Structures are given as structure tokens and as C-alpha cells.
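In what follows, a single structure is set out as C-alpha cells and then discussed.
The values are calculated or read from the model by the stated rules, or taken from the named source; none is laboratory data. It should be emphasised that the depicted structure is a prediction, and the values quoted were computed from it without experimental measurement. Note: ideal-geometry Cβ built from the backbone for every residue, glycine included; neighbour counts use all protein chains shown.
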Amino acid sequence: MKRSLLVVLAILSLLAAACGGGTTVDVTLEVTGPGGSVTLDMGDLEDLPLTEGWGGFVSSTGEITIPERYEGVSLADLAAQVGGIEPGMGLTVVAEDGYAMTLSYDQAISGAFIVYDPSTGAEITPSGPLHPIVAYARDGEPIGDDGPLRLEVVSDERDQVVDGHWSVKWVNAIEIKDLGAEWTLQMSGLSDESMDRGTFESGANCHQASWTDDEGHVYTGIPLWLLAGRLDGGPQHGDDAYDDALAEAGYTIEVIAADGYSATIESALFHRNDTVIVANQVDGAALPDEEYPLRLVGEGLTGGQMVSQIASLVGHFPGDAGDGEGQAAPGADALLTFTGAVTQEITLSADTAEALEVVQVTVEHPRDGNRDYTGVRLNDLLDQAGADAAASTLIVTASDGYSVRVGFADARACADCLVAFNDDGGFDLAMPDMEIGAWVKDVVSIEVE
């Protein structure tokens, strides 16, 4: 009987060793980069330099996971195993179920993440450096059901958390490769947001919708109505982030391309419609250059509404400035300010502009052909403001928040560039021989930089 008991205890001991933590955990992490590929087990990971810190996150529904103590290997040290990572490259962390998140060079190496107060969820300035790691231990123990490996962004102090999409569970692969240009989707309306690439890709992973064009190409991305819910003035997380009543009452989203081309989409068309999407991929890959980084596609859209190279979304809501109700769009009281590297800031109104030398020019619009414009030469106004001759850029901003940078030397070389009067009593830029993005409507400020 004693011998049988000893055998049972021996077997249980072996089983416990096989299921325990430390180097006995069955782990493989495949890392691929410019120098080839390596497969690391738990022992290999523990032999690499240790990076540890406090990691927590806020989910898309606003739920906060308080920071816990994680131990692991920094992405920089993992990248060094396969030739390193250089500016212009990205690092994609892949989970067992195929979920993937791509970090830019600045994120992977410098820890460039947005952080939040773990007690309130409010965005804050980072209190110290952030370190993205592949973690293999939490509070000194194996990670367990959420592991055995996971991506975590840790810091030296327990006073900040990051967005939940940067916490990836069940990591089993890392791939380093050239990354397309970084981008940000600017969104403005009753609430504003600058959505970076990582945030958009996380949303596309979690809320992916698809649409197939007439040639069988499958576009995937985020439904427009979900993005509208982030600028309609309500909560930006959770089930009530989208205001159904507001959409049913009617508003529009202006979809603006990098070159200034825009299309207006009625809320009735995208209201809880998963077939109208802002796509970031086609046929499982990044969009081609002529559409990159984002394209609006979907059922019921005309060709002109399928905007490529999307840079911003602007919501126009009843009673909001610029929608024709409530506060007025630029009109008789519209003002245009010249600021920045000038000797004298000036503010232009329709009345003061007409007191200057008003000219009429016929120039070719990039899309509409030859058109007549009446207004004041841009160079005359730059002269009046005393613009610094060493300046490099004009930052031009419209009433809806759209902004574009124009080369200072290009503007100075353009004799017929005009601050033109528009029919609403405001100002438009007429910028012959420049891309359409520089032909800004309803200009409210020009900053010399």
C-alpha cells in the first residue's frame, strides 16, 4: 500500500512539474526581421535582458484595468535578435487567434503612446518613459489564461495606463518590416479626436466590416456610423457611444481627402449600416498608394462619394457652427487673421478687405477649369502683415477645422494667388498652379511659420 502511494505521489510530482511555471511552460515565440527568423522558448526569453514595470489599460468601453507588475523582454531587445528595427519600419505583434497590432518605430523603441490616469480614465501627459514588452510573468507568477505571453506597455510608476488594444494576449509571433507612412485621421464635430493608425487598426480588428466591389475586391474597415459615434458629442466608448436620435433627426459627415477633395454623406445613408465603411485594407492588404491610407466605400454610395486618401471627417450637426442653423457659417462678419512670424498681426473682414486693392483674376481651378475670382492678392496681405522672409510655411485653416500647409516660397512666387470673396461673405483661397488641397474654402486663419 505504501509503495502504491509513493508511485502515485511520484506521478503527481511529475505532472505538477510539467504544468508549473518558469522554464517548464511550453512557449514558442517566432520573431522575423531583416536579419532572418528565430524561434524562442521560455528559457531563451528568460536569458535575454529583463524589462519590468507597471502595465494597465483602458478598454474601448471605458473599463480600466489597474496596473499590475509585469516582467518580460522589450521589443527593442527582441528586434535585436533579427537585425533590429530602423525608422520607417513597423513591428507587428500577432496572437494565436490571428489578432495583430502594428507598432511604429517610435512606439516600439521610444514608447510613444497616449496614456490615461488609471483613477479617472482622463488623458494625461506621460509621467515617465513607457516600455512595450512581451511579458511572460505577472506579479512574479506565470501569466496563466491570458498568456503565456502577452504584449504589455509598462512604466516605472503605477500612475498611467494605455489604450486596451496595446495589450495583446496569447502572443506567438513578431514580424518586423517596412511600414507605410504613418497617418492620423482627424475627426471634428460636437466632439473632436485625432485617431492614430494603431487606434484605427484596433477598431478595424474589433469591429471589422466588409464590402465587395463589382470586381470582387473585398474592402475591410470600420463602419462609418461607429466613427460618427466618436464625434456626435456623446460618450466615445461603450454601447451608447452612437446617438441614434441625432442620426435619425439628420446630420451629415463631410469626408475630406488629403488633396482637399470632399464628399458629404447624409446620416440616413450610414445610420447603423455596416455596409458603408471607412476601409483600411483591400483583399487582406493595405490599400494601394492611390487610395492609402483610408477609403470610404459601400452600398448606396456614388463613385464621387467613395473618397480615397481620407485625411479627416467633419460632422455637421443641427445648430452647430457652419450648418446653416443656429450659429452662422462665415458671412458678413467673417474674419481672417494673419499670425505667426509677422511684424504685425492683422485681421481681415469683408469691409476692410474691400478698402484694399481689390482685383479680379481668371485662373484655372484644378477640378472646375477656368473661373473668375475677386479679392485681394495673398502677397499684398503678407506684405501688410510683414511676413518674415525666412519663413518656410503657411498654415491655412478653414472654419470647419480643415488645415493645410503651403510652402511659403511657393505662395510668394504666385502673383495671382488670391484671398477671394465668397458668396457667404467669407474668404476662399484661389491658388493657381497648386494642388486642390491648397484651394481652401472659408479660410479663417493663415499662420506664417
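Being outside the structural domain of Tyr261 (by TED's automatic domain parsing), free of Cβ contacts under 8 Å to residues at least 60 places away in the same chain and touching a Phe, Trp or Tyr at 6+ places or on another chain (Cβ under 7 Å) narrows it down to one of Thr397, Thr362, Thr374, so name that one.
Values: Thr397 fails: touching a Phe, Trp or Tyr at 6+ places or on another chain (Cβ under 7 Å); Thr362 fails: touching a Phe, Trp or Tyr at 6+ places or on another chain (Cβ under 7 Å).
Being outside the structural domain of Tyr261 (by TED's automatic domain parsing), free of Cβ contacts under 8 Å to residues at least 60 places away in the same chain and touching a Phe, Trp or Tyr at 6+ places or on another chain (Cβ under 7 Å) holds for just one of Thr397, Thr362, Thr374, which is Thr374.
As an exercise: evaluate Ser188 against (1) over 26 Å from Gly90 (Cα atoms); (2) of a type in the set (Gly, Ala, Ser); (3) in the same structural domain as Glu30 (by TED's automatic domain parsing) and give the number of the one condition it does not meet.
(3)
Filter region 199-229 down to the residues that are modelled with pLDDT under 90 and either among the hydrophobic types (A, V, I, L, M, F, W, C) or in contact with a Ser or Thr (Cβ under 7 Å, 6 or more places away or on another chain) (or both) and list them by number.
Hits for region 199-229 are Phe200, Glu201, Ala204, Cys206, Gln208.
Among the residues of region 106-128, how many are out of contact with any helix residue (DSSP H, G or I) (no Cβ under 6 Å at 6 or more places or on another chain), over 18 Å from Ile66 (Cα atoms) and without any contact (Cβ under 8 Å) to a residue 40 or more places away in the chain?
So the answer is 2.
To keep it simple, each residue is scored yes or no on (1) under 23 Å from Ser312 (Cβ atoms); (2) at pLDDT 90 or above; (3) among the basic types (Lys, Arg); (4) touching a Leu at 6+ places or on another chain (Cβ under 6 Å).
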site	(1), (2), (3), (4)
Asp400	yes, no, no, no
Arg405	yes, no, yes, no
Asp410	yes, yes, no, no
Asp428	yes, yes, no, no
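Filtering region 428-448 down to residues that are under 25 Å from the mean Cα position of the chain (by Cα) and in a loop (DSSP other than H, G, I, E, B), which residue is farthest from Ala391 (Cα to Cα)?
Selected residue: Lys441.
In this structure, is Leu227 in a helix (DSSP H, G or I), among the aliphatic types (A, V, I, L, M) and more than 21 Å from Asp163 (Cβ to Cβ)?
no
So Ala137 passes all but one of these: (1) modelled with pLDDT of 95 or more; (2) touching a Leu at 6+ places or on another chain (Cβ under 9 Å); (3) of a type outside the set (D, E, K, R). Which condition number does it fail?
Checking Ala137 against (1) modelled with pLDDT of 95 or more; (2) touching a Leu at 6+ places or on another chain (Cβ under 9 Å); (3) of a type outside the set (D, E, K, R), the one that fails is (2).
Do we find a residue being modelled with pLDDT of 90 or more and either among the hydroxyl-bearing types (Ser, Thr, Tyr) or loosely packed, with under 15 Cβ neighbours inside 10 Å (or both) anywhere in region 167-178? Walk me through it before giving the result.
Going residue by residue through region 167-178, those that are modelled with pLDDT of 90 or more are 167-176.
Going one step further and asking which of them are either among the hydroxyl-bearing types (Ser, Thr, Tyr) or loosely packed, with under 15 Cβ neighbours inside 10 Å (or both), we end up with 167.
Yes; the residues of region 167-178 include at least one that is modelled with pLDDT of 90 or more and either among the hydroxyl-bearing types (Ser, Thr, Tyr) or loosely packed, with under 15 Cβ neighbours inside 10 Å (or both).
Can you find a residue that is assigned to a helix (DSSP H, G or I), over 33 Å from the mean Cα position of the chain (by Cα), surrounded by 12 or more Cβ atoms within 10 Å (Cβ to Cβ) and at pLDDT below 90 anywhere in region 365-381?
no
When you look at Gln208, is it surrounded by fewer than 17 Cβ atoms within 10 Å (Cβ to Cβ), farther than 29 Å from Leu40 by Cα and either in contact with a strand residue (DSSP E or B) (Cβ under 6 Å, 6 or more places away or on another chain) or outside the structural domain of Gln305 (by TED's automatic domain parsing) (or both), yes or no?
Answer is yes for this residue.
Would you please list the contacts, defined by Cβ atoms under 6 Å and residues six or more apart or on different chains, that run from a residue in region 424-449 that is under 16 Å from Val376 (Cβ atoms) and assigned by TED's automatic domain parsing to the domain that holds Thr347 to a residue that is of a type in the set (Gly, Ala, Ser) and modelled with pLDDT of 90 or more?
Listed by first residue and then by second, the contacts come to Asp428/Ala420; Ala430/Ala420.
Considering only region 198-205, I want to know if a residue exists there that is more than 19 Å from Gly98 (Cα to Cα) and out of contact with any Phe, Trp or Tyr (no Cβ under 9 Å at 6 or more places or on another chain).
First, the residues of region 198-205 that are more than 19 Å from Gly98 (Cα to Cα): none.
No - not one qualifying residue is present in region 198-205.
Considering region 430-449 alone, what residues qualify as being modelled with pLDDT under 90 and charged (D, E, K, R)?
Within region 430-449, Glu435, Lys441, Asp442 qualify.
In region 109-141, which residues are under 22 Å from Asp196 (Cβ atoms), of a type outside the set (A, V, I, L, M) and surrounded by fewer than 18 Cβ atoms within 10 Å (Cβ to Cβ)?
Listed by number, the residues that qualify are Ser110, Asp117, Thr120, Gly121, Glu123, Thr125, Pro126, Ser127, Gly128, Pro129.
So the check is Cβ under 7 Å with 6+ separation or different chains; which pairs have a first residue in region 84-104 that's in the same structural domain as Gly164 (by TED's automatic domain parsing) and over 15 Å from Pro132 (Cα atoms) and a second one that's among the aromatic types (Phe, Trp, Tyr) and part of a loop (DSSP other than H, G, I, E, B)?
Close Cβ pairs satisfying both conditions: Ala95/Trp170; Glu96/Trp170; Asp97/Trp170.
Just to be sure, is Ile222 crowded, with 18+ Cβ neighbours inside 10 Å, closer than 27 Å to Asp163 by Cα, among the β-branched types (Val, Ile, Thr) and not assigned by TED's automatic domain parsing to the domain that holds Met431?
On the way: crowded, with 18+ Cβ neighbours inside 10 Å: yes; closer than 27 Å to Asp163 by Cα: yes; among the β-branched types (Val, Ile, Thr): yes; not assigned by TED's automatic domain parsing to the domain that holds Met431: yes.
Criteria met by Ile222.
Which one of these is closer than 30 Å to His365 by Cα and of a type outside the set (Lys, Arg): Thr220, Thr199, Thr184?
Numbers: Thr220 fails: closer than 30 Å to His365 by Cα; Thr199 fails: closer than 30 Å to His365 by Cα.
Every option except Thr184 fails the conditions.
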